[in-house]
1. Can you name the condition, by its number, that B:I161 falls short on among (1) within 10 Å of chain A (Cβ to nearest Cβ); (2) closer than 22 Å to A:D100 by Cβ; (3) buried (at least 17 other Cβ atoms within 10 Å of the Cβ)?
2. Answer yes or no as to whether B:A173 is in contact with a His (Cβ under 8 Å, 6 or more places away or on another chain) and either within 14 Å of chain A (Cβ to nearest Cβ) or within 16 Å of ligand 4 (Cβ to nearest atom) (or both).
3. Tell me yes or no: at least one residue of the range B:35-49 is within 16 Å of ligand 4 (Cβ to nearest atom) and at pLDDT below 85.
4. Would you mind stating whether B:C149 is more than 8 Å from chain A (Cβ to nearest Cβ) and within 19 Å of B:A102 (Cβ to Cβ)?
5. Quick test for you: out of B:L132, B:L157, pick the one residue that is within 8 Å of ligand 2 (Cβ to nearest atom) and out of contact with any strand residue (DSSP E or B) (no Cβ under 6 Å at 6 or more places or on another chain).
6. If you scan the range B:423-434, which residues turn out to be part of a helix (DSSP H, G or I) and buried (at least 20 other Cβ atoms within 10 Å of the Cβ)?
7. Among the numbered criteria (1) closer than 20 Å to B:F131 by Cα; (2) surrounded by fewer than 16 Cβ atoms within 10 Å (Cβ to Cβ), which single criterion is violated by A:W40?
Amino acid sequence: MSTGSPSERRLRKELMSLITTPTPGIRLDSDSISKNINEWIVEIDAAKGSLYEGQTFQLKFKFNDRYPFDSPSVTFIGQEIPEHSHIYSNGHICLSILSDDWTPALSVQTVCLSILSMLSSATKKERPPDDLIYTKTCSKDPKRTKWMYHDDTV
Amino acid sequence: MDSEDEIGIDSGNSSDDEDYDFMQVDEIQRQSGNAQDPVEYPFEVLTTEEIVKHMLDCIAEVNNVVEIPATTTRILLNHFRWDKEKLMERYYDGDQEALFKAAHVINPYVKPKRESKTFRCSMMEDCDICFLKYQYTNMTGLQCGHRFCKSCWVEYLTTKIMEEGLCKSIACAAHGCDILVDDVTVMSLLTEPRVKTKYQQLITNSFVECNRLLRWCPSADCSYAVKVQYVDARPVTCKCGHVFCFECGEQWHDPVQCRLLRKWIKKCDDDSETSNWIAANTKECPKCNVTIEKDGGCNHMVCKNQHCKHDFCWVCLGSWEPHGSSWYNCNRYDEDEARAARDAQEKLRSSLARYLHYYNRYMNHMQSLKFEHKLYSSVKLKMEEMQQHNMSWIEVQFLKKAVDILCQCRQTLMCTYVFAYYLKKNNQSMIFEDNQKDLESATEKLSEYLERDITSENLADIKQKVQDKYRYCEKRRKVLLDHVHEGYDKDWWEYVE
Ligand SMILES: [Zn+2]
Ligand SMILES: [Zn+2]
Ligand SMILES: [Zn+2]
Ligand SMILES: [Zn+2]
């Protein structure tokens with residue numbers, strides 16, 4: 001198991017724990033990793049009692065060889081992009097732990113939990129006010145965006 | 001100073017010259033020391049090594065009074081922007097726990113809660129970064145109790161230092177923990193010399209940037225910092241020769257104050273589109289329309305068209321003739337004429353015209369100042385030539401001095417247009433404009449002489465003429481600055497903003 005680069009080693013460990021001790025509401029699409037360990041698709045179920053109850057969303061994780069010292073690129077993909085004031089219609093997420101506040105002690109599981117809690121705290125289904133401009137002008141990779149956090153409490 | 005030593009060596013030639021030169025040096029020193037600073041403004045220029053030593057001295061000084069680890073002291077001092085008094089005051093003010101929390105350090109008097117860990121020395125621990133198991137001794141962490149394996153720490157710190165350029169604020173690697181990593185821990189964990197050097201640079205840089213009493217020399221490629229005893233808008237001279245305002249870091253800008261200069265620079269940047277077309281370096285001869293390119297600092301233009309040879313002023317495009325006499329009026333924007341513009345559109349146009357009037361003259365002196373650096377090299381050749389004609393090294397220094405003064409005058413004139421732009425018209429502002437006119441005309445005469453006429457004169461006459469001209473410039477400059485300073489003291493100046 002200890003073959004490959006340190007980032008691959010850590011990704012395999014994360015993979016194992018997601019499969020062997022799964023967290024309710026977080027599911028790995030194992031087909032997605034069969035081709036490439038550096039790209040994962042994870043399904044998350046919105047929490048009960050939240051505005052999104054009953055909805056399932058897909059997150060795409062991309063890791064580079066500096067992971068976990070460099071943050072992964074995380075976006076919503078698929079048909080349904082949650083309507084939320086920190087989530088753009090192209091799937092980009094404005095969340096500080098995905099850029100400035102990233103630390104190598106975070107993981108796929110903790111990122112998913114943070115995103116779920118962000119969804120749960122929403123009081124209104126709406127897009128960010130600058131959605132139209134941002135989605136027209138942004139780079140494909142959300143990691144290239146210099147995020148101005150809309151709200152530091154999230 | 002070098003020149004003083006040189007006098008000692010060179011002063012054997014003739015006793016008359018010797019006395020004269022000594023007098024001159026005294027005079028220069030007296031003037032440069034007193035001209036604009038009634039009270040001395042003490043400052044020191046520090047090398048990188050001296051900055052590091054100064055930082056360690058600051059920490060030691062605090063540690064003499066407050067008995068906490070030096071590493072904690074450094075973080076606390078950084079938190080208080082290296083203001084020792086403020087730190088001491090807050091430290092003895094009462095709530096030390098709140099102080100440590102605000103500075104993101106653990107109170108060193110409180111024993112770590114995770115003491116029990118030491119009993120588990122023989123046990124294996126999980127590293128939450130690489131997810132591998134390690135022996136206790138291979139794991140490390142700060143007082144917050146979050147522990148990671150040493151190689152993950154090194155990788156984490158290296159990423160922060162090399163890629164993000166952070167140093168004063170590297171926090172613990174645990175998510176949500178804001179306890180800062182101290183410098184001793186960083187240095188003991190790092191092994192790569194490249195990363196260690198970068199970290200030390202970052203620490204020094206943040207020390208200078210946080211410290212109110214220190215400022216990096218803003219000159220490109222200069223690594224000195226200037227240290228003062230109190231912050232003020234005063235000129236400081238770096239060892240590299242650059243003279244800048246300690247308060248704002250801009251090139252020394254007397255007589256205009258930092259606030260208005262900043263406002264002006266911002267305005268110029270915002271208005272770059274309008275300024276582009278006027279800043280262009282070519283104009284047409286007002287008489288024959290031949291395109292003329294400015295290639296020197298002097299504003300007295302002579303059309304190169306052999307059939308024209310028109311003399312005119314580059315700035316106002318007026319005939320040069322009146323500029324040499326007392327009714328030289330190129331510097332003064334005619335407010336009366338501007339007031340005649342009645343309707344709104346005219347008003348808008350006149351406010352742009354007013355701005356362009358000052359901007360044009362400001363930019364022009366800035367351009368000229370750049371050209372004067374070319375003058376240093378041509379003057380150097382002249383100085384060598386003179387030394388071959390039996391003049392001593394010290395005797396020919398007047399030429400370099402003349403260019404120094406020319407540059408000072410251009411720098412001052414440049415700033416007078418910023419001052420004038422914001423100045424409301426009153427009796428004193430009229431006197432100021434007269435002083436500005438006199439300095440400008442004296443400066444142009446010196447510039448023209450150095451750039452053009454000097455080659456055609458015989459060597460003996462040159463010294464007298466140059467000295468007369470630069471002394472007059474110095475005098476006009478002092479009169480102008482003294483008058484503006486007096487106005488600051490007596491509240492004469494009102495501004496249009
Ligand atoms: Zn911690
Ligand atoms: Zn580790
Ligand atoms: Zn310098
Ligand atoms: Zn200033």
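1. Every condition holds for B:I161 apart from (1).
2. Yes: the conditions hold for B:A173.
3. From the range B:35-49, those within 16 Å of ligand 4 (Cβ to nearest atom) are B:36-37, B:41, B:43; that's our starting set.
Applying the additional criterion that residues be at pLDDT below 85 yields B:36-37.
Scanning the range B:35-49 turns up at least one residue that is within 16 Å of ligand 4 (Cβ to nearest atom) and at pLDDT below 85.
4. Values: more than 8 Å from chain A (Cβ to nearest Cβ): yes; within 19 Å of B:A102 (Cβ to Cβ): no.
The answer is no for B:C149.
5. Working: B:L157 fails: within 8 Å of ligand 2 (Cβ to nearest atom).
Of the residues listed, the single one that is within 8 Å of ligand 2 (Cβ to nearest atom) and out of contact with any strand residue (DSSP E or B) (no Cβ under 6 Å at 6 or more places or on another chain) is B:L132.
6. Of all residues in the range B:423-434, those part of a helix (DSSP H, G or I) come to B:427-434.
Scanning the range B:423-434 gives a single hit, B:F432.
7. The single condition A:W40 does not satisfy is (2).
Okay, residues lined up against (1) under 26 Å from A:F69 (Cβ atoms); (2) in contact with a Leu (Cβ under 8 Å, 6 or more places away or on another chain); (3) free of Cβ contacts under 8 Å to residues at least 12 places away in the same chain:
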position	(1), (2), (3)
B:T158	yes, yes, no
B:L190	yes, yes, no
B:S223	no, no, no
B:K227	no, yes, no
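The values are calculated or read from the model by the stated rules, or taken from the named source; none is laboratory data. Treat the numbers as computed from the prediction; the structure is a model and nothing was measured. Cβ atoms come from the backbone with ideal geometry, glycine included; neighbour counts cover every protein chain shown.
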